1. Starting from residues that are aromatic (Phe, Trp, Tyr) and either in contact with an Asp or Glu (Cβ under 7 Å, 6 or more places away or on another chain) or modelled with pLDDT under 95 (or both), keep the ones in segment 1-52 and report whichever is surrounded by the most Cβ atoms within 10 Å (Cβ to Cβ).
2. Take Phe115 and decide whether it is of a type in the set (Phe, Trp, Tyr), within 18 Å of Ser73 (Cβ to Cβ) and surrounded by 18 or more Cβ atoms within 10 Å (Cβ to Cβ).
3. Is it the case that some residue within segment 119-132 is in contact with a helix residue (DSSP H, G or I) (Cβ under 6 Å, 6 or more places away or on another chain) and either within 18 Å of Glu24 (Cβ to Cβ) or surrounded by 14 or more Cβ atoms within 10 Å (Cβ to Cβ) (or both)?
4. Here is a list of conditions, (1) surrounded by 17 or more Cβ atoms within 10 Å (Cβ to Cβ); (2) within 23 Å of Pro121 (Cα to Cα), and Asp82 meets all of them except one; can you say which number that is?
5. Hey, could you check segment 53-76 for residues that are surrounded by fewer than 15 Cβ atoms within 10 Å (Cβ to Cβ) and polar (S, T, N, Q) and say which is farthest from Glu24 (Cα to Cα)?
Amino acid sequence: MSSDSSELHQTLRKFGAPASVIREYEHWSVLLRPAQATLGSLVLVARGPQTEFSALPAAAFSELAIVTAELESALRNAFDHDKLNYLMLMMVDPQVHFHVIPRYAQAREFSGVTFADPGWPGPPQLGQATETDETTQQFLFETISAAWPHPSG
C-alpha cells in the first residue's frame with residue numbers, strides 16, 4: 001500500500017489500514033473487514049476526510065464505478081456469493097465508507113471455518129460475525145487479492 005500510515009484517517013485506521021488494505025485506488029481503499037459478518041466481508045472506504053457522501057469529489061464518484069466492478073468480480077470469483085449488500089451506516093466511524101457484505105443462502109466453509117449468514121434472506125446481522133484467527137484472516141486477504149481482476153500497481 002502506498003499510503004503512509006500517518007496519513008490515514010480515523011475510519012481507515014479503525015478497520016486495520018494499512019495492513020488490511022486489499023486494493024487502493026486514488027479515492028478509495030478496499031479493506032478486509034476485521035469482523036467477518038459473512039465470508040469475504042469488506043469495507044470500502046473513501047480515502048479523503050469527507051464525512052458526508054455528497055461532499056466527495058466528482059472524481060471519487062466516477063472511480064466508484066470501477067472499484068465496485070472490480071470488487072464484485074473479485075468476491076464472485078473467490079466465493080460465488082448469492083447476493084451482495086453495500087451498507088453505508090456511518091454512525092460510529094465518521095469518514096465515508098460502506099460495509100460490503102457477501103450474502104449466502106447456505107453456510108460456507110473456508111480454511112476449516114464455517115461461515116453462516118444468520119440474517120439470510122433479511123438484513124445482514126453485523127453483530128454475529130464468525131470468529132477468525134490471524135491465519136484465516138491472512139488466507140482471506142490472499143484469496144480475495146488473488147481473485148482481483150487487475151493486479152495492484
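The values are calculated or read from the model by the stated rules, or taken from the named source; none is laboratory data. Please read all numbers here as calculations on a predicted model, not as lab measurements. Here Cβ is always computed from backbone atoms with ideal geometry, including for glycine, and neighbour counts include all displayed protein chains.
1. Pass one, segment 1-52, residues aromatic (Phe, Trp, Tyr): 15, 25, 28.
Of the ones still in play, those that are also either in contact with an Asp or Glu (Cβ under 7 Å, 6 or more places away or on another chain) or modelled with pLDDT under 95 (or both) are 25, 28.
On the way: Tyr25: 16, Trp28: 23.
Selected residue: Trp28.
2. Numbers: of a type in the set (Phe, Trp, Tyr): yes; within 18 Å of Ser73 (Cβ to Cβ): no; surrounded by 18 or more Cβ atoms within 10 Å (Cβ to Cβ): yes.
So Phe115 fails the test.
3. First, pick out the residues of segment 119-132 that are in contact with a helix residue (DSSP H, G or I) (Cβ under 6 Å, 6 or more places away or on another chain): none.
The answer is no, given that none of the residues of segment 119-132 is in contact with a helix residue (DSSP H, G or I) (Cβ under 6 Å, 6 or more places away or on another chain) and either within 18 Å of Glu24 (Cβ to Cβ) or surrounded by 14 or more Cβ atoms within 10 Å (Cβ to Cβ) (or both).
4. All conditions pass for Asp82, except number (1).
5. The residue in question is Ser54.
Residues are listed down the side, and each one gets a yes or a no for (1) over 16 Å from the mean Cα position of the chain (by Cα); (2) modelled with pLDDT of 95 or more; (3) more than 13 Å from Gly40 (Cα to Cα):
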{"position": "Leu89", "(1), (2), (3)": "no, no, yes"}
{"position": "Val100", "(1), (2), (3)": "no, yes, no"}
{"position": "Arg103", "(1), (2), (3)": "no, yes, no"}
{"position": "Ala107", "(1), (2), (3)": "yes, yes, no"}
{"position": "Ser111", "(1), (2), (3)": "yes, yes, no"}
{"position": "Asp117", "(1), (2), (3)": "yes, yes, no"}
{"position": "Gly122", "(1), (2), (3)": "yes, yes, yes"}
{"position": "Asp133", "(1), (2), (3)": "yes, yes, yes"}
